[in-house]
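The values are calculated or read from the model by the stated rules, or taken from the named source; none is laboratory data. Predicted model, so just to flag it, every value in this text is computed and none were measured. Ideal geometry is used to build each Cβ from the backbone, glycine not excepted, and the neighbour counts take in all protein chains shown.
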Amino acid sequence: MDERLDLQAELLAQMDETDAGADGGDVESIYFLLGLPGSGKSSSLRPIAVQHAGLGGVPPVVDADAVRVRFPEYADGLGSGVVQAETAVLTYGRGYRWGEGRQGRVLLGGAPVIMLDTIGDAEHLPRTIARAVELGRRVYVLRTDCPVEVCRERAMRRALDNRRVVPLELIDAKAGVPEHAFEAAVATGVVDGWAVVNTAGETADISSASADFAAMTIAEVPA
């Protein structure tokens, strides 16, 4: 057990070292990027958030996929399911024996702009938002709008192209979860801006949004 905790601590430290604040972003803020695996969170929502924040690059990101691939058992995707539960613990810190997981460390890390790339959880997301507000951050929430079958197709293609494996049963099990999490986030009443982004086609476009995102002319980004 202690050896496993040592490994987890080492992985967290490695990710800390990769974090760097991007140029720009004078206002401390957090962008929650919600959607199923394969829905376009990384390819579509991150560029929109970067543009909205006025950044010159991508800031520190909390991303379970980035945590998952660091476990030796991941083995180029063959062990993706094996490390799924441990990935969630290390990413979000819930039940983590040594305190803060990746999410908590990024929240407290001091970068002016940070992102949380996640499927979403209607129970836990409002708590994370409340904590971000307590830390003085503006809160923005973006959600992909993409059919489950498209997410599955992209996940299978991604597994073949770069061995980035996400179990298809996870995608099926989480259908509808990002939508519920998004609704719970906006219902907190403390979200400073939001957008729903259609990512089902070749390029992404904002389908509905708060005034600040609706006024954006987004750079063309692939879905």
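Within the stretch 106-121, can one find any residue that is in contact (Cβ under 8 Å) with a residue 40 or more places away in the chain and polar (S, T, N, Q)?
Scanning the stretch 106-121 turns up at least one residue that is in contact (Cβ under 8 Å) with a residue 40 or more places away in the chain and polar (S, T, N, Q).
If you take the residues in the stretch 149-180 that are over 18 Å from the mean Cα position of the chain (by Cα) and more than 27 Å from residue 73 (Cβ to Cβ), which one is surrounded by the fewest Cβ atoms within 10 Å (Cβ to Cβ)?
Restricting to residues being over 18 Å from the mean Cα position of the chain (by Cα) and more than 27 Å from residue 73 (Cβ to Cβ), the top hit is 149.
Which number in (1) surrounded by fewer than 17 Cβ atoms within 10 Å (Cβ to Cβ); (2) modelled with pLDDT under 95 marks the one condition that residue 192 misses?
(2)
Go through 152, 138, 163 for me and flag whichever is within 19 Å of residue 46 (Cα to Cα) and touching a residue at least 40 places away in the same chain (Cβ under 8 Å).
138 is the lone residue from the list that is within 19 Å of residue 46 (Cα to Cα) and touching a residue at least 40 places away in the same chain (Cβ under 8 Å).
From the set of residues in the stretch 25-56 that are out of contact with any helix residue (DSSP H, G or I) (no Cβ under 7 Å at 6 or more places or on another chain) and assigned to a loop (DSSP other than H, G, I, E, B), which is modelled with the highest pLDDT?
The first filter runs over the stretch 25-56 and keeps only residues out of contact with any helix residue (DSSP H, G or I) (no Cβ under 7 Å at 6 or more places or on another chain), leaving 26-28, 40-51, 53-56.
Going one step further and asking which of them are assigned to a loop (DSSP other than H, G, I, E, B), we end up with 26-28, 40, 54-56.
Working: 26: 68, 27: 80, 28: 92, 40: 95, 54: 92, 55: 91, 56: 86.
Checked the stretch 25-56; the qualifying residue modelled with the highest pLDDT is 40.
Looking at residue 14 and the list (1) part of a loop (DSSP other than H, G, I, E, B); (2) farther than 26 Å from residue 184 by Cα, which single condition is not satisfied?
Of the numbered conditions (1) part of a loop (DSSP other than H, G, I, E, B); (2) farther than 26 Å from residue 184 by Cα, the odd one out for residue 14 is (1).
One line per residue, one yes/no per condition, for (1) within 24 Å of residue 89 (Cβ to Cβ); (2) in a strand (DSSP E or B); (3) in contact with a Phe, Trp or Tyr (Cβ under 6 Å, 6 or more places away or on another chain):
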| residue | (1), (2), (3) |
| --- | --- |
| 117 | yes, yes, no |
| 130 | yes, no, no |
| 140 | no, yes, yes |
| 164 | yes, no, no |
| 171 | yes, no, no |
| 185 | yes, no, no |
| 200 | no, no, no |
| 212 | no, no, no |
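Which of the residues spanning the stretch 1-28 are small (Gly, Ala, Ser) and farther than 29 Å from residue 170 by Cβ?
If the condition is that a residue be small (Gly, Ala, Ser) and farther than 29 Å from residue 170 by Cβ, then 20, 21, 22, 24, 25 are the ones that fit.
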